[in-house]
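Please read the structure below before turning to the comments.
Nothing in this text is a laboratory measurement; each read-out follows from the coordinates by a stated rule. Predicted model only: the values in this text are computed from it and were never measured. All Cβ positions, glycine included, derive from the backbone under ideal geometry; neighbour counts span all protein chains shown.
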C-alpha cells in the first residue's frame with residue numbers, strides 16, 4: 001500500500017494512492033487508523049509533501065559495506081548514530097539550498113524507515129512489526145564542516161542545514177527492506193547503484209539497537225545510511241533517488 005501526505009486547497013491530508021492515480025483521503029492520522037473519509041482526489045490535483053511533518057530523525061553512518069570500503073574505513077562494530085533536526089526536511093520537488101558556507105556538499109541516497117508504534121526493547125525477530133513503512137531520503141552533507149565536527153566528536157551542522165533532508169514521495173507499507181535496489185542520478189547520470197543487501201546492519205538490527213536505549217515513537221524516522229558512489233553537486237543540478245517499490249525522490253539545487 002502506498003500512502004502519501006499532500007496539500008490540496010490549503011489543507012493537509014494523508015491518503016492512499018490507487019494504481020490509477022486516484023487518492024482515497026484518510027479520515028485522520030495513518031498512525032491511528034487507515035480508515036478513509038470518503039473524499040477522493042488525484043495526484044495531478046495535489047502537492048505531494050514530505051511523509052512526516054516534523055519527524056525525529058535518526059541518521060546512520062557507514063552502513064553499506066561498499067561505502068565503508070570507499071571511505072577507507074573498517075565496518076563499525078555497532079551502528080553509528082546521530083540525530084538530525086526536522087527543520088532540515090523538505091518536500092519532493094522542493095529545492096535544496098546550497099548555503100553560503102558550502103564548499104563540498106554531497107548527495108546521499110537512503111532507504112528511510114518510518115516507525116509505526118511505540119517501540120522499546122524490541123527484538124530483531126519482532127522489529128519489523130513496529131515499522132509503518134518505508135520512504136526515500138537524501139542525507140545531504142557538507143563534508144568540510146563534517147570533517148571539522150567529527151574531529152570534535154559531533155555531527156550536526158554538516159547534515160542539519162535547512163533543506164538538507166529531502167524526503168518522499170510516498171510511504172510504502174509492504175516491502176522487504178533486505179533486498180531493495182537503490183539508484184541515485186545526478187542530472188540524469190547514475191552515480192549510486194546498490195542494493196540494501198549490502199547493509200552492515202539491517203533494519204531489524206537498527207531498530208533493536210536504538211530501542212534498547214531510546215523509545216521510538218510513531219512517525220520517527222531512521223535514515224539507514226548510503227551506499228557507495230556519494231559525490232558532490234552544485235547549484236543548478238537535479239538529484240533523483242529511486243528505490244524499488246517506493247518511487248523516485250527528485251529535488252533541484254539553488255544557491256543561497
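Neighbouring Cβ atoms within 10 Å as the yardstick, rank 87, 119 fewest first.
Least to most surrounded, the residues fall as 87, 119.
Using the alpha-carbon centroid of each, what span in Å lies between the stretch 122-156 and the stretch 162-193?
After rounding, the separation between the Cα centres reads 14 Å.
What is the extension gain from residue 217 to residue 71, computed as 0.36 nm multiplied by their sequence separation minus the C-alpha to C-alpha distance, in nm to one decimal?
So the extension gain works out to 49.3 nm.
When a/c is below 1.5 the answer is rounded, else prolate if a/b is larger than b/c, else oblate, so apply that to the stretch 2-48 with a ≥ b ≥ c taken from the square roots of the Cα gyration tensor eigenvalues.
Cα axes put the stretch 2-48 in the oblate bin.
Between rounded, prolate and oblate, where does the stretch 189-256 land on the alpha carbon gyration tensor, with a ≥ b ≥ c its root eigenvalues, rounded for a/c under 1.5, else prolate if a/b exceeds b/c?
Prolate, because a/c is 1.5 or more and a/b exceeds b/c.
What percent do you get for the relative contact order of the stretch 2-48 when only Cα pairs under 8 Å and 6+ apart count?
Contact order relative to length: 34 percent.
What spacing in nm lies between the two simple spin-label points modelled at residue 47 and residue 27, each 7 Å away from Cα in the Cβ direction?
2.9
What is the fewest-to-most order of 165, 73 by other Cβ atoms lying within 10 Å of their Cβ?
73, 165
May I ask you to compute the full-extension gain from residue 198 to residue 234, defined as 0.36 nm times their residue separation minus their alpha-carbon distance, rounded to one decimal in nm?
10.1 nm
In Å and from the alpha-carbon atoms only, list the Rg and Dmax of the chain.
Rg then Dmax for the chain, in Å: 17.5, 54.
Give the separation of the Cα centroids, the stretch 1-55 to the stretch 194-256, in Å.
If you average the Cα positions of each part, the centres end up 22 Å apart.
Using only the alpha carbons, work out the radius of gyration and Dmax of the stretch 13-87 in angstrom.
19.0, 54
Quick one: length gained pulling residue 143 to residue 8 fully straight, 0.36 nm per residue minus the C-alpha distance?
Taking residue 143 through residue 8 to full extension adds about 44.9 nm, to one decimal.
Between rounded, prolate and oblate, where does the stretch 24-169 land on the alpha carbon gyration tensor, with a ≥ b ≥ c its root eigenvalues, rounded for a/c under 1.5, else prolate if a/b exceeds b/c?
oblate
Please list, in order, the residues from the stretch 1-21 whose amide nitrogen is less than 13 Å from a point placed 7 Å along the Cα→Cβ vector of residue 174.
1-3, 17-19
Which value in nm describes the separation of the simple spin-label points at residue 129 and residue 39, placed 7 Å from the Cα toward the beta carbon?
Taking the two extended label points, one gets 3.5 nm.
List the relative contact order of the chain as a percent without decimals, with contacts defined as Cα pairs under 8 Å and 6+ residues apart.
26
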